[in-house]
Structures are given as structure tokens and as C-alpha cells.
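The values are calculated or read from the model by the stated rules, or taken from the named source; none is laboratory data. All values reported here derive from a predicted model rather than from experimental measurement. Positions of Cβ are backbone-derived with ideal geometry, glycine not excepted, and every protein chain shown enters the neighbour counts.
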Amino acid sequence: MKWRFVQVSDPHLASSYDGEWNHKVICTMMPGVMECLRSDLSELAPDFILATGDIASQQTRAAMLKARDLMDSLGVPYYPMGGNHDFVLEDSRAWFLEAFASRLPAPRTFYSFDHKGLHFVVLDPWWMWTDDSLNPVSEAAVAEKLDKDISGARWALPPDQFVWLENDLKHHASTPTIIAVHYPPIPVPVRLKFPGFKDSGYLNNGALLMERLSAYPQVKAVFCGHAHVNYVEYSHGIPQITTGALPEYPSEYREIQVFEDRLEVYTRSLSNPEFAERSKVPSRVVTRGEESDRRVTISLL
Ligand SMILES: [Fe+2]
Ligand SMILES: [Fe+2]
């Protein structure tokens, strides 16, 4: 192995909200989870964390700064991106840029960077309103009930970002590339659903995104979160690694080992199993994913 990074998703930090999704979502246990994760990552020693959104759960500047402090407490460099809990209001992106100024390679909410022979591209989809228009902020009615009910919420990558993305990919044609975006382009597969399954939704123009990405053979994988479910699905031969949320069962993260010719993706539990146990609804443990959702090898050739 040459090096490794980890993907952490949907930590929903700096929130006092404890609710229910497919399992209990226990935001108040996150300070303890982060302490455990800090200790676990100090042994693993990843080069960095890819933090695929829903970093701060509440829409205030203070929450964003507190979420930043908790991410900093992990003691590992990280690349943050926004999710539907981070980028809701007119000021949200400004708070994000302020909080994560020292972490971002450029003062932008979508960006790319290189690390030891891999290229990473981070995207920032916008809200799709009831009238199908794309806006950086949420409709008020959707924003008000974000913690409990996600019905009516839709997101899509705006046209300008497609242009930026394809320009970036054209300029990095010979470097194996990873795409990171909070909302999954490919929805949760039926095989992981059960009666009463709560579906967070997916990227509205995700099929178009995967089709465009397939024109660039250097694109090797898409990493995302948002669904609070571990699943791996493929489109045009490109694997989408979707990783569950830390405050919800199974409270796991991904370790990605980087080799010359491949990536090996492993799903890691916290060393303290009590966090996952507290959240767990036993009849719904399928959200941890099947074996094919938990252990993947991705060719870089
Ligand atoms: Fe989330
Ligand atoms: Fe989300």
C-alpha cells in the first residue's frame, strides 16, 4: 500500500437534536463519537479525511464554527464539503468558507486537489425548488422541517458546475480521479429497503452526471453520503461508494487503501460499539449494507 485516506460522512455536528430516521439519529452523542474516532484514526494514520457533507446540522454561524472545531479535534487534515444541512440559507456558504478557510485548497465550495497521484473533485449541488428552478438556498418551507421530514427537497448540479467539472477533468486526463458529492447520483437500491424505509432522495440529475463522467476514463469512483446507508452501486461501470452517517447505526466510516493499480475500500466500525448499539433498530440493520456494499476493490488502470 502507498497511502490511505478515510471517508467520514454526515457527522451532523454541533446539534442537540436527537431524532429518528431509519435508526435513531443521536446528534448529542457526537462529541463522544469524535473522541473515539480521533483515537481510532491516530492508529490508522490516514493522510486525510474526505468529509462528504452534513457536517453541521443546524443552520447558524456558531454551529458551523463549532462543527469545524470538532472536525479539527480529529487531528487529521480533512477536505470538507456541504450537504443539505450545511448549505440551506443565504449566508450558509459564507459561514462554511469562513470556518474551513484553512482546510480548503481555495476559498470555494466546489474545488479540486491532487494528493500523491490521485485527483479529487468536490461538487456543490444546489436546491431544486418546487418550480424546478435551481437555487443555492432552500425554499423556506423545506428548510423549516429539515431535521424531521425531507419531503419536497430536491437537489441538482447546476449547469455552470458541469462546465467547470468537465473543464477540470479535461485538464487532468491522465490522473486517476475521485468525485465527491454529498447527494448520491445513484439512489438507494431496492435490495436495501424495507417497509417504512425513509429515503433521503438523491441527486436529481445524477444519471446525467454519471453519463458525463463516463466520458472521462480517468474517473474511477464517486464518494457520497446523505442516504445514511452504506451502499455501493455502479453506473457506466463507475462505482458509487455511499457511506452512512456517524450519529446513526452503524456509525461507520470507510478506509481507502491506495495502491499503484487499485483502491481497496474497507468499512470500519468505531472501536467503541456502544454508539452504534444506542442508535440501532434491530429490524433495520440492513442499512449497514451487504458484503458487496462494505468491501470493494476499484481498479486504477
Ligand atoms: Fe445526513
Ligand atoms: Fe444530507
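Out of Ala63, Ala67, one residue alone is crowded, with 22+ Cβ neighbours inside 10 Å, away from ligand 1 (no atom under 12 Å from the Cβ) and in contact (Cβ under 8 Å) with a residue 12 or more places away in the chain. It is Ala67. Among the conditions (1) surrounded by 15 or more Cβ atoms within 10 Å (Cβ to Cβ); (2) touching a Phe, Trp or Tyr at 6+ places or on another chain (Cβ under 9 Å), Ala221 misses just one, which is (2).
In region 217-237, of all residues being over 20 Å from Arg154 (Cα atoms), free of Cβ contacts under 8 Å to residues at least 60 places away in the same chain and not in a loop (DSSP other than H, G, I, E, B), the one that is nearest to ligand 1 (Cβ to nearest atom) corresponds to Glu233. Note on region 223-241: residues that are under 13 Å from the mean Cα position of the chain (by Cα), over 16 Å from Leu263 (Cβ atoms) and of a type outside the set (A, V, I, L, M, F, W, C) total 5. Of the strands (runs of 3 or more DSSP E) entirely within region 252-301, those holding at least 3 residues that are surrounded by 16 or more Cβ atoms within 10 Å (Cβ to Cβ) occupy 252-258, 262-269. Restrict the check to region 3-26 and report whether at least one residue is part of a helix (DSSP H, G or I), touching a Lys or Arg at 6+ places or on another chain (Cβ under 8 Å), more than 28 Å from Val222 (Cβ to Cβ) and within 16 Å of ligand 1 (Cβ to nearest atom). No, every residue in region 3-26 fails to be part of a helix (DSSP H, G or I), touching a Lys or Arg at 6+ places or on another chain (Cβ under 8 Å), more than 28 Å from Val222 (Cβ to Cβ) and within 16 Å of ligand 1 (Cβ to nearest atom). In region 72-81, of all residues being surrounded by fewer than 24 Cβ atoms within 10 Å (Cβ to Cβ) and outside any strand (DSSP E or B), the one that is nearest to ligand 1 (Cβ to nearest atom) corresponds to Leu74. The residue pairs whose first member lies in region 261-289 and is under 17 Å from Gly32 (Cβ atoms), whose second member is polar (S, T, N, Q), and whose beta carbons are closer than 8 Å, counting only pairs six or more residues apart or on different chains, are Ser269/Ser251; Leu270/Ser251; Ser271/Ser39; Phe275/Ser251; Ala276/Ser251; Ala276/Ser269; Ser279/Ser251.
If the condition is being farther than 30 Å from Gly117 by Cβ, modelled with pLDDT of 95 or more, away from ligand 2 (no atom under 16 Å from the Cβ) and of a type in the set (S, T, N, Q), then region 1-44 contributes only Thr28. With respect to (1) over 30 Å from Ser133 (Cβ atoms); (2) within 14 Å of ligand 2 (Cβ to nearest atom), the lone exception for Gly201 is condition (1). For region 171-209, filtering for residues that are in contact (Cβ under 8 Å) with a residue 24 or more places away in the chain, within 25 Å of Lys116 (Cα to Cα) and not in a loop (DSSP other than H, G, I, E, B) leaves 4.
Listed residues Asp168, Asp124; which is in a helix (DSSP H, G or I), in contact with a Ser or Thr (Cβ under 6 Å, 6 or more places away or on another chain) and of a type outside the set (Lys, Arg)?
Values: Asp124 fails: in a helix (DSSP H, G or I).
Going through Asp168, Asp124 in turn, just one is in a helix (DSSP H, G or I), in contact with a Ser or Thr (Cβ under 6 Å, 6 or more places away or on another chain) and of a type outside the set (Lys, Arg): Asp168.
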